[in-house]
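Remarks on the structure that follows.
The values are calculated or read from the model by the stated rules, or taken from the named source; none is laboratory data. Because the structure is a prediction, the values reported are computed rather than measured. Note that we place each Cβ from the backbone using ideal geometry, even for glycine, and neighbour counts take in every protein chain shown. Side chains are part of the model used for accessible areas, which takes the heavy atoms of the whole protein and leaves out ligands, DNA and RNA. Shrake-Rupley method; radii C 1.70, N 1.55, O 1.52, S 1.80 Å.
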Amino acid sequence: MQGELPSASGETAIVVMGVCGAGKSLLANRLADRLGVGMVEADDFHSPENKRKMAAGKALTDADRMPWLDAVSLAAKLQIYCAGGAVIACSSLKRAYRDRLRAALPSCIFVHLAGERGLIAERLGGRQGHFVGETLLDSQLTTLEPLQAGEAGFSLDISRPVDELVDKAMKELRPARPPRTTIAS
């Protein structure tokens with residue numbers, strides 16, 4: 001774990017991060033189900049122009065990403081309000097992007113899905129109907145700044161089965177969740 005996990009109140013946002021094809025959406029969905037909170041798919045908040053750029057194999061600039069990150073943060077706040085928490089599938093490749101998310105969602109915990117380029121490329125090769133394909137993988141790997149000291153979060157190796165990753169994430173997140181109490185009558 002990179003930094004100390006924040007104490008989870010009902011306002012914790014868990015951000016599943018990594019390059020395209022790492023499995024962010026699948027893991028985020030499973031974590032949200034397990035935790036009983038809302039899930040935010042960051043890809044749903046890209047502008048049509050961003051989607052066109054990425055579909056054409058062009059990497060987004062920081063200027064392209066900032067309004068998108070703000071929209072993702074707003075959607076996460078809505079999930080936190082409505083569902084008591086949020087799990088967000090969002091690339092969050094640079095520290096500056098994570099800082100932007102943290103500014104809006106101070107209790108962010110990042111789960112970095114990391115793996116070998118070959119495995120990720122294989123996954124992207126089998127992907128259908130998504131605007132981000134293998135043409136962006138190398139630029140995303142170049143852009144990626146793994147979690148740094150002081151950032152709350154941890155990394156998971158995507159070569160492991162998804163159920164194992166969910167269990168591992170739940171174990172890592174456990175200290176951040178408040179203990180459940182039972183009131184006897």
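Tabulated data
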{"quantity": "Only listed residue being within 15 Å of the chain's Cα centre (by Cα), within 24 Å of Ala13 (Cα to Cα) and at pLDDT below 90, chosen from Ser107, Ser92", "calculated": "Ser107"}
{"quantity": "Conditions (1) under 13 Å from the mean Cα position of the chain (by Cα); (2) touching a residue at least 60 places away in the same chain (Cβ under 8 Å); number of the one not met by Gly85", "calculated": "(1)"}
{"quantity": "Flag if Val72 is under 18 Å from the mean Cα position of the chain (by Cα), over 25 Å from Ala55 (Cβ atoms) and modelled with pLDDT of 90 or more", "calculated": "no"}
{"quantity": "Pairs with Cβ under 6 Å, 6+ apart, first in the stretch 51-76 and over 13 Å from Arg100 (Cα atoms), second open to solvent by 20 Å² or more (accessible area, probe 1.4 Å) and small (Gly, Ala, Ser)", "calculated": "Ala59/Ser139"}
{"quantity": "Some residue of the stretch 93-114 being in contact with a Leu (Cβ under 8 Å, 6 or more places away or on another chain), assigned to a loop (DSSP other than H, G, I, E, B) and farther than 15 Å from Glu145 by Cα", "calculated": "no"}
{"quantity": "Residue count, the stretch 46-71 (criterion: surrounded by 14 or more Cβ atoms within 10 Å (Cβ to Cβ) and not in a helix (DSSP H, G or I))", "calculated": "4"}
{"quantity": "Arg100 being crowded, with 18+ Cβ neighbours inside 10 Å and at pLDDT 95 or above", "calculated": "yes"}
{"quantity": "Test for Gly23: is it more than 17 Å from Val111 (Cα to Cα), open to solvent by 20 Å² or more (accessible area, probe 1.4 Å) and at pLDDT below 95", "calculated": "no"}
